[in-house]
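To keep things clear, I will list the structure first and then write my remarks on it.
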Amino acid sequence: MNEGMEVIKNGSIRVEDNQIKEIREGKIESPDAEYFDAEGMIVMPGFINTHTHVPMTMLRGYADDLPLHTWLNEHIFPAEARMVTPENVAVAARFAFIEMIKSGTTCFNDMYFFEDIIASEAKKAGIRAVVGESLIDFPTPSFHTVDEGVARCESLVQQWYGDSLIHPTICAHSPYTCSKETLQKAKILSEKYNIPLHIHVAETRKEVEDLTSQTGMAPAEYLYSIGLLDRNVIAAHSVWLNLKEIELYARTRTSVAHCPKSNLKLASGIADTDTYMKAGINVSIGTDGTASNNTLDMVEEMRFAALLPKGSLHNPEAVNARTALRMATINGAKALGIHHLTGSLEVGKRADLIVIHADASNMLPIYDVYSAIVYASNSKNIRSSMVNGKWIMRNRELMNINKTETMESMKHIVNSQIDNRK
């Protein structure tokens with residue numbers, strides 16, 4: 001997934017410490033090396049999930065088939081007030097990492113509460129994480145006032161800044177849950193540490209209508225007017241952008257985290273990503289949380305990201321397989337400001353990669369490797385996963401997470417919640 005979109009047949013990759021040191025055709029002879037035979041496999045960069053809320057695994061299927069604002073305000077926010085504790089977040093994060101790793105994600109961008117705990121669990125699991133405490137204008141499970149929230153945000157940044165695996169960010173929930181002052185505090189923090197700013201934007205028509213009536217501007221226009229759109233901003237969803245907003249995203253180099261399945265399930269709409277990318281916007285892919293998706297499977301998400309524009313635009317050439325795979329890998333790294341580290345297999349970058357079983361009944365024959373990955377593969381084809389030069393899954397076996405114990409802990413959380421709902 002480099003700039004030349006090269007495919008090397010019968011090649012080898014040499015990894016030392018956490019870096020890719022050599023890539024070439026044929027076998028690399030190195031007497032002291034450990035060899036991993038990937039014959040019949042595709043080796044590629046791992047998927048980068050640019051928008052999610054990992055602890056929401058404890059709310060998978062909790063309140064389905066509802067409009068976004070009803071779902072959030074009447075069901076999800078009250079459930080989070082009861083269920084989101086440091087102990088539950090640790091379990092739910094580990095549970096999310098099981099699904100993520102098994103479906104090929106090597107890096108995720110998270111917005112939630114108790115992100116310090118999520119960061120610690122990600123570090124133990126060995127998965128690359130971009131993490132930010134979610135700033136919002138009302139009390140949350142992890143803070144009671146905006147100032148407390150800002151302090152938690154900065155503490156998280158200071159704790160993890162410069163880490164080889166955990167990358168802190170600043171998160172403001174959305175322009176409809178954050179005041180102008182809160183949004184600007186988030187922006188100031190992101191500039192102070194030169195790190196990304198992660199926010200939900202223009203997810204639903206109701207959001208656009210409400211914000212337009214309040215401010216006289218559509219969401220992205222409003223954010224631009226207060227100085228928020230910028231090269232380091234990841235704008236999740238961005239379903240309802242008008243032509244002016246598309247131009248503003250392109251001009252400011254704001255990236256989009258496209259979440260096709262969540263947008264479909266909540267009937268939020270279909271983002272016109274083909275037009276966005278043709279306008280020069282960097283578009284990546286996110287799953288959103290499992291309360292609204294209900295999976296963290298980036299293989300499935302990537303396929304939806306390729307298929308939806310074809311159907312909605314009546315154009316089979318919209319978002320082709322190569323573009324979809326870029327959205328799921330290198331575009332994600334660019335959105336998160338870590339494309340110098342990951343997102344492609346190149347000498348000098350971190351060894352973040354996955355091994356896909358291509359010699360499989362659902363994959364053969366392979367006339368085009370991009371087509372096979374985007375349109376034919378599924379998560380079970382992903383056999384092994386490496387992050388920062390270390391295996392986190394090998395031959396479908398998780399290396400750093402006790403799956404049985406984590407699942408039992410999750411069942412305990414869910415059973416307690418079911419008892420409380422009766």
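Summary table
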read-out	value
Residue, most open to solvent (accessible area, probe 1.4 Å), within segment 276-325, restricted to residues that are acidic (Asp, Glu) and in contact (Cβ under 8 Å) with a residue 40 or more places away in the chain	GLU300
Any hit, segment 21-38, residues being exposed (fewer than 12 other Cβ atoms within 10 Å of the Cβ) and outside any loop (DSSP other than H, G, I, E, B)	yes
Hits in segment 231-253 - residues which are open to solvent by less than 60 Å² (accessible area, probe 1.4 Å) and not in a loop (DSSP other than H, G, I, E, B)	VAL233, ILE234, ALA235, ALA236, HIS237, GLU245, ILE246, LEU248, TYR249, ALA250, THR252
Unique residue being among the polar types (S, T, N, Q) and under 18 Å from ILE23 (Cβ atoms) when the list is SER384, SER377	SER384
Residues that are within 22 Å of LYS265 (Cβ to Cβ), in contact with a Ser or Thr (Cβ under 6 Å, 6 or more places away or on another chain) and at pLDDT 90 or above, drawn from segment 49-101	ASN49, THR50, THR52, MET56, THR57, ARG60, ALA92, PHE95, ALA96
Filter result for the condition that a residue is of a type in the set (A, V, I, L, M, F, W, C) and within 22 Å of MET1 (Cβ to Cβ), over LEU307, LEU248, LEU264	LEU307
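Here is a yes/no grid of residues against (1) open to solvent by less than 20 Å² (accessible area, probe 1.4 Å); (2) of a type outside the set (Ser, Thr, Tyr):
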site	(1), (2)
TYR370	yes, no
ILE373	yes, yes
ALA376	no, yes
ASN381	yes, yes
ASN395	no, yes
LEU398	no, yes
ASN402	no, yes
GLU408	no, yes
ASN415	no, yes
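The values are calculated or read from the model by the stated rules, or taken from the named source; none is laboratory data. Values in this document were obtained by computation on a predicted structure and should not be read as measured data. For neighbour counting, all protein chains shown are included, and Cβ atoms are generated from backbone atoms with ideal geometry for every residue, glycine included. Heavy atoms of the whole protein, side chains included, go into the accessibility calculation; ligands, DNA and RNA do not. Shrake-Rupley method; radii C 1.70, N 1.55, O 1.52, S 1.80 Å.
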